[in-house]
Each structure stands twice: as structure tokens, then as C-alpha cells.
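A quick write-up on the structure given underneath.
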Amino acid sequence: MCGIIGYAGKTEAVPVLLDGLERLEYRGYDSAGVAVVSSDGKLQVRKSRGRLAVLRSLLSGEKPLSGEIGIGHTRWATHGEPNDVNAHPHVGQENKIAVVHNGIIENYLEIKNSLMRKGISFSSDTDTEVIVQLLEYYYKKDSNLMDAVYRVLSRIKGAYAMGILCSDYPGQMVAVRKDAPLLIGFGDDGNYIASDVTALLSHTRTVTYLEDDEVAVITADTVQIYDSDRCCTEKEKHVIEWDAAAAEKGGYAHFMLKEIMEQPEAVRKTVSPRLADGKILLQELEDAGNIIQNISRIYIVACGSAYHVGMIGKYTLEKLLHIPVEACLASEFRYSEPILGETALVIVISQSGETLDSMAALREAKKRGSKVLSIVNVMGSSIARESDFVLYTWAGPEIAVATTKAYTTQMVLLIMLGVFFARKLKQMEEYDRIIEALIALPEKIKEVLKDLNHYQKIASRYFNHNRVFYMGRNVDYALGLEGSLKLKEISYIHSESYAAGELKHGTISLIEPGTLVVALATYAPLVEKSLSNIVEVKSRGAEVIGMTTEKTADIISSQASEMFVIPRTHPVLQPILGVIPLQLFAYYVALNRGCDIDKPRNLAKSVTVE
Ligand code: G6P
């Protein structure tokens, strides 16, 4: 949520910052800004409400800002509406220090009031401005930037990743973090900071992750990192495996479509290194594979689509393992007194590995004695680093705000984990069939993706419906939650997902002639029951799009106006194929409605506030 980029180097900073911001825009896009310090110590700031394109045109319409060091920010507003003044970077009243910030300063009002009593005036409504005003206030007293930084850190409460420039230190940038991601990149033509690795891929893949309470001082040639006691620390460098091209659109109209089409490959990359000699091999768990023997309950904790993967996991893992599995919204988890301890395993699922609620749930689980196993896409992310065990989804960078390939890879990995554990518990039937189905899965996904015209045609028939219901039973209910979320996120059509048997307990009163119902019936044991539910809504005038497998297509199509027919696979893997038509339907509906598909309004890809 919000993106930070910073550069200290040997070339002009503004183009580097704009390039980085473009790659970070998916983290927030209601305003953007840059600050640059020229070699003679002039601090220059430009910022504006709206997309990055507005800032670009502002910068191109004037004399170029010159300076080889700078910070940039793309914002997802929390405190203060999206406008020019609230955009970052923020500058102190002495115009000496500029700050970009991600996160929330919880005690900002108390600090703001105390600074105002000292005669300092504020221009924005943001929590971030207190950081920079406080920094300047201490700096004025001590005349030492690092002293001022440490004094500020001891005063502020909350979550933050920050980049700081001071006009008295023209070649130097300071970076700090606590509970919000920030990494440092080491390039040939300078050094970088970024909230997200995708911003750096075109410059460098060698990075180090800043830890909580560390402070980095970065110049074109040096990076020094200090801990909370101001002692210099040596940090390990990591090489990111993603390449820059993976974060480009590659000829597709939208990242979302590209990422949908990448699913066969993303699933293959996630599955195949974990299959050997006809077995599932999870090296990441090493000797700990047996932990499942002592586990009496599993919590799957996540947000958004990752939570919907957890819902699939609830149905599937419970069936495989015969132990209670609960899917929990991370934002509720730590406030709901979960029964934790040594015998509970907590599985955290997160694409970004930075979602604050998921991180907080992880910490709560560890504090209360449970082991945490995470399924994460971004290597080296905070959730990955703090978990006891990590399984990476090898989906590559996901840029579209609405997740697709991360979702499918999370699901396949969670199911593989379930099968792996079930075998450890010696209660795994059909193991070989599942392995065969896993091997065949990428090809089956390709089949679902073969006829894009079909999805396009159905979407153009229904794109102007203002209310859509998804319904299904068992894993189809969980799939419906994801299908409905996809549609809401990117097309702004109000949609709800219901367990098909529950519809008649109230919601069916909303069905009237013309209401669109997407009826999911891929879960073979309940196809006939789903059919009855379809008949119920049809007899009240609903238009039905049905989804099922080849085997039951005739049954469902007898009642549906349109059909999504997917190939069959092993039942535990079926939802992986089932989600794809729902992604494509949402995509083409949004396209027909002229929506900004990759950057839907009000959303952000990585949510690092509570
Ligand atoms: C945001 C994104 C969703 C995502 C959720 C969880 O809301 O828009 O697509 O599912 O965060 O993100 P995570 O990175 O933890 O999977």
C-alpha cells in the first residue's frame, strides 16, 4: 500500500524515480510525487493528485529537476483526501527535509498538537507530515540528521517505511522501516530503496531487506545500515530470481489478462520442482514434515483472495487430514481468541508477504506457541522471513491489483501440502492419481484458456447487469466467493456469493426476472443438489450462467442460458480449473464497461495498514 522508490547515484534521479513509480503504481495510485536534491543542496519537490501520468506531464512541462539523488512516492490515501497537498513527499516548514512514508503514524495527532504549540504550522492532513516537521524540529536543535532521525524514531508509534532527504546532506538518503516493507538495491550506477522489488528489477536484482528499527544511510557508492543502538550491521545480500521482463505487459492489453494467461506456466513452476519419483517432495519442510503428527487443528489465515484459497483449503484439507481446519480472515484472527498453542498449525497465505493483518496474525500465532507455515509469492518478504516454514509459489511478479496467477498457485500448493501431510498420516488414498493429475494440470489449464472468445461473448451479453449472484456448494461456494470478488473489484458490479443451499434463507427474495446468477456445479458429489438450486432461481426469473465439468455439462446446460464447461481433473484439484472462467468473465465484463482493469478504484495490491 503506497509505493516508495529512492535513488542515490551517478545519473539524473527523476527518470529513475518515474520508472520506479510506474512499476509501483499498483500499490496505490491516487497521487504521486518526487523530491530531488541538487548537488548544490537545493531541495526540489513536485507532486500532484491523480495517476503518475499527471506527475509526468507536470514534470515534462517545466525545466527538468536536476539532481542525482531523489525519493518518489505513489499514494493510497489513509489520512487526508487524495489531493496535491496530501501527496508525498512532505517537506518541513524550513524546506530542508523531505520524507516519503508508507504506513500509519498512530500518535500523529499528539505530536502534531505539540509541534503546533511550538509555532510549527502544518499544511496537509496527513500523519506523514508530523514525521518531517518533527525531524526538522530536532534537526534545528541538534544540527545532526542522524541524531534527529533516531529522536523521531523514539517518538513515533505505528508502522512505517520511509525515505528521507535533507538539503544539507546533498549526496545522502536515509531509509528506515518498522512493520512496513523496504529493501535496498545495489546497482552499478548507484543504490536504491524501494517498498517492492518490482521497482528495482530493471536496475538491479541484488538486494538486502531492511529489518524493523534499522536505519540505512545510502549514497551513490555506499550503503551503511545501523541497528536501533546505532551500531553498524553487516547484512546479507540476496539475488532476486525474477527478471525485469516478467513485470512487463509483454504485448497484452492488461497485466490481468497476461497473468491469467500465465497460469499454466506459473502452476507448472510451482508444482514440478516439488514432484520427484512419483511423490510430493516438500524440501522446505525438511525433517519437519512430521509436525502434522502432533497437530490437532489447523487455521488458514489470510486476506482477500488468499482467504478464499483458505476456504478451498478448509474443505479440502479437512477431508484429507480428518482434523478440524478453519479458514480465518486475518483481520479478525487475533481479535477472536483462536485456540492456539503447540497442537495448532497456522498456515498464512499471502501473495505479497507484506499484508499487515496477515503479518499480525502470524506474530500472534507464534507468540501463543503455534508453528506458522506460510505460502508466499514474494521471496524475502516479511511474512516469509518471520514464518517457521515457507513454501513459495513460483508465480513470478503479479502486477494487476486483482490477483489471478498468485491465487491459483496458492491453491495448488495448499492442496499439495494437504496431500503431503495426509500421506504422512498414512491416510492418503488415490495418491498416485493425484500426482498424475498434478502433472497434467498445466495442460488442462491451457484447455480452459483456449477459447477466449467464448468468455468474451458471454461477458458482452451480461456486462450491463447491475447485480450478480454466485452460488455453489462445498468448494464451489468457495470458488463463488472468489468469482464474485473478482467481478466486484474490477467491474464495480455489486455481486454476492452464496452457499447454494443458503439462498432460500433470505437472499432468494432479491432474485427477480433478469437477475444474473452464476451457478457453480463443478463439485461432482453435489451436482444434482446444485441443479435443484438452479431450478429455484430460474423459476423466479433469473438468467443463469452455469459452470460444470464435461461429465455433467448436459445436466446443468438444461437449465442455463450460457455455460462454462471445464475439463475434469482429480476432484481435489478441480477448483484450480474452476476459477479460470470466473477470472475471464470478470475481466471481459470490466473491459466492456470501460473500467481501469489493472488499477481499480480505491484498491491497492498490497495492503500494509490495518
Ligand atoms: C489486497 C489485494 C487482493 C489480495 C489481498 C491479500 O486486497 O487487492 O488481491 O488478495 O490484498 O493480499 P496478499 O498479498 O496478502 O495475498
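What is the magnitude of the charge dipole of segment 493-610 about its Cα centre, with +1 placed on the Cβ of each Lys and Arg, -1 on the Cβ of each Asp and Glu, and no other charges, expressed in debye to the nearest 20?
That gives segment 493-610 a dipole magnitude of about 100 debye.
What ³J(HN,Hα) values, in whole Hz, does the Karplus curve 6.51 cos²θ - 1.76 cosθ + 1.60 give for segment 477-491 when θ = phi - 60°, with x put for Gly and Pro?
Each residue's phi maps through the Karplus curve to give 5, 4, 5, x, 4, 6, x, 5, 4, 4, 5, 4, 4, 9, 10 Hz.
Do any chymotrypsin sites (Phe, Trp or Tyr not before Pro) in segment 303-397 lie in a DSSP loop with no more than 13 other beta carbon atoms within 10 Å, and if so, which?
Sites meeting the loop and neighbour criteria: Tyr335.
Classify segment 80-185 as rounded, prolate or oblate, taking a ≥ b ≥ c as the square roots of the eigenvalues of its Cα gyration tensor: rounded when a/c is under 1.5, otherwise prolate if a/b is larger than b/c and oblate if not.
Here segment 80-185 falls in the rounded category.
Counting other Cβ atoms within 10 Å, which trypsin sites (Lys or Arg not before Pro) in segment 103-212 have at most 11 and lie in a DSSP loop?
Lys118
Between helix 13-24 and the chain, what is the angle of the helix's C-alpha long axis to the longest principal axis, kept within 0 to 90° and rounded to the nearest 10?
Roughly 20 degrees, rounded to the nearest 10.
Between segment 318-381 and segment 48-113, what's the alpha-carbon centroid distance in Å?
If we compute the Cα centre of each part, the gap is 35 Å.
Hey, what did segment 479-548 get for relative contact order, percent, Cα under 8 Å, at least 6 apart?
33 percent
Might you report the magnitude of the Cβ-based charge dipole of segment 169-315 about its Cα centre, with Lys and Arg at +1 and Asp and Glu at -1, to the nearest 20 debye?
700 debye
For the pair Glu429 and His494, what calculated FRET efficiency results from E = 1/(1 + (r/R0)^6), where r is the Cβ-Cβ distance and R0 = 30 Å, to the nearest 0.05?
0.10
I need the Debye-formula profile for segment 562-610: one equal scatterer per C-alpha, no solvent, reported as log10 I(q)/I(0) at q = 0.13, 0.17, 0.24, 0.28 1/Å, two decimals.
Result of the Debye calculation: -0.50, -0.72, -0.90, -1.02.
So for segment 292-383, averaging the separation of alpha carbon pairs under 8 Å that are six or more residues apart and normalising by length, what relative contact order in percent results?
31 percent
Could you state the number of Å between the C-alpha centres of segment 202-240 and segment 399-421?
That distance is 31 Å.
Which value at 222 nm does the chain reach when only helices count, each DSSP H run of 4 or more adding -39,500 (n - 2.57), with the total divided by all residues and rounded to the nearest 500 deg cm²/dmol?
Helices in the chain give a 222 nm mean residue ellipticity of -11000 deg cm²/dmol.
Can you list the lysines whose alpha carbon sits under 27 Å from that of Lys538, skipping same-chain ones fewer than 8 residues off?
Lys457, Lys486, Lys488, Lys504, Lys529, Lys551
Leaving out ligands and nucleic acids, note down the accessible area per residue over segment 357-469 with a 1.4 angstrom probe, in whole Å².
Ligands and nucleic acids excluded, the result is 37 Å² per residue.
Where does the chain land on Rg(C-alpha)/(2.2 N^0.38 Å)?
1.01
Normalising by the residue count of the chain, find the relative contact order in percent from Cα pairs under 8 Å and 6+ residues apart.
Relative contact order, the chain: 12 percent.
When Lys and Arg each count +1 and Asp and Glu each count -1, what net charge do the other residues less than 15 Å away from Ile555, Cβ to Cβ, add up to?
Residues near Ile555 contribute +1 overall.
Calculate the spin-label point distance for Glu436 paired with Asp221, positioning each point 7 Å from the Cα along the beta-carbon direction, and give it in nanometres.
The two pseudo-label positions are separated by 6.5 nm.
Given the pairs Lys367/Lys405; Lys269/Lys371; Lys42/Lys141; Lys446/Lys605; Lys10/Lys118; Lys235/Lys366, which are separated by over 29 angstrom at their Cα positions?
Lys367/Lys405; Lys10/Lys118
Could you derive backbone 3J(HN,Hα) for segment 104-115 from the dihedral phi with the Karplus parameters 6.51, -1.76 and 1.60 (θ = phi - 60°), listing whole Hz in sequence and x where the residue is Gly or Pro?
After applying 6.51 cos²θ - 1.76 cosθ + 1.60, I find 9, 8, 6, 9, 5, 5, 4, 5, 4, 4, 5, 5 Hz.
Could you compute the FRET efficiency for Asn602 and His505, with r as their C-beta to C-beta distance and R0 at 30 Å, rounded to 0.05?
0.45
Relative to a virtual label point 7 Å from the Cα of Lys551 in the Cα→beta-carbon direction, which members of segment 572-590 show backbone nitrogen distances below 20 Å?
Flagged as within label range: 572-581.
Averaged per residue, what accessible area in Å² does segment 159-309 show with a 1.4 Å probe, protein chains only?
40 Å²
Identify all aspartates and glutamates with a Cα-Cα distance to Lys258 below 14 Å; exclude those on the same chain that are fewer than 8 residues away in sequence.
Partners within reach: Glu248, Glu398, Asp598.
Specify which residue in the list Gly190, Gln263, Thr219 is farthest towards the positive end of the charge dipole of segment 108-267, using unit charges on the beta carbon of Lys, Arg (+1) and Asp, Glu (-1), about the Cα centre.
Thr219
Determine the sum of side-chain charges near Arg568: Lys and Arg each +1, Asp and Glu each -1, restricted to other residues whose C-beta is under 11 angstrom from that of Arg568.
Charge balance near Arg568 sits at 0.
Using a cut-off of under 16 Å, list every residue of segment 40-66 whose amide N is near the label point 7 Å from the Cα of Asp168 along the Cα-to-beta-carbon line.
41-43
Each residue of segment 202-216 in turn: what ³J(HN,Hα) in whole Hz from Karplus with 6.51, -1.76, 1.60 and θ = phi - 60°, glycine and Pro shown as x?
Once rounded to whole Hz, the list reads 7, 10, 7, 10, 9, 9, 9, 9, 6, 9, 3, 6, 7, 10, 10.
For the chain, what proportion of DSSP beta bridges, expressed in % and rounded to the nearest 5, is antiparallel?
Restricted to the chain, the bridges split so that about 60 percent are antiparallel.
Test of understanding: extend the Cα→C-beta vector of Ala244 to 7 Å, then name every residue of segment 23-37 with backbone N under 14 Å from that spot.
Answer for segment 23-37: 23.
Using DSSP to call loops (not H, G, I, E or B), can you name the GluC sites (Glu not before Pro) in segment 383-450 whose Cβ has at most 10 other Cβ atoms within 10 angstrom?
For GluC sites (Glu not before Pro) across segment 383-450 that sit outside H, G, I, E and B with at most 10 neighbouring Cβ atoms in 10 Å, the list reads Glu429.
How much length is gained if the chain between Asp451 and Ser114 is pulled fully straight, taking 0.36 nm per residue apart and subtracting their Cα-Cα distance, in nm to one decimal?
115.0 nm
The values are calculated or read from the model by the stated rules, or taken from the named source; none is laboratory data. The structure displayed is predicted, hence computed values, not measured ones. So basically every Cβ, Gly included, is an ideal-geometry build from the backbone, and we count neighbours across all protein chains shown. Please note that ligands, DNA and RNA were not included when accessible areas were found on the heavy atoms of the full protein model with its side chains. Shrake-Rupley method; radii C 1.70, N 1.55, O 1.52, S 1.80 Å.
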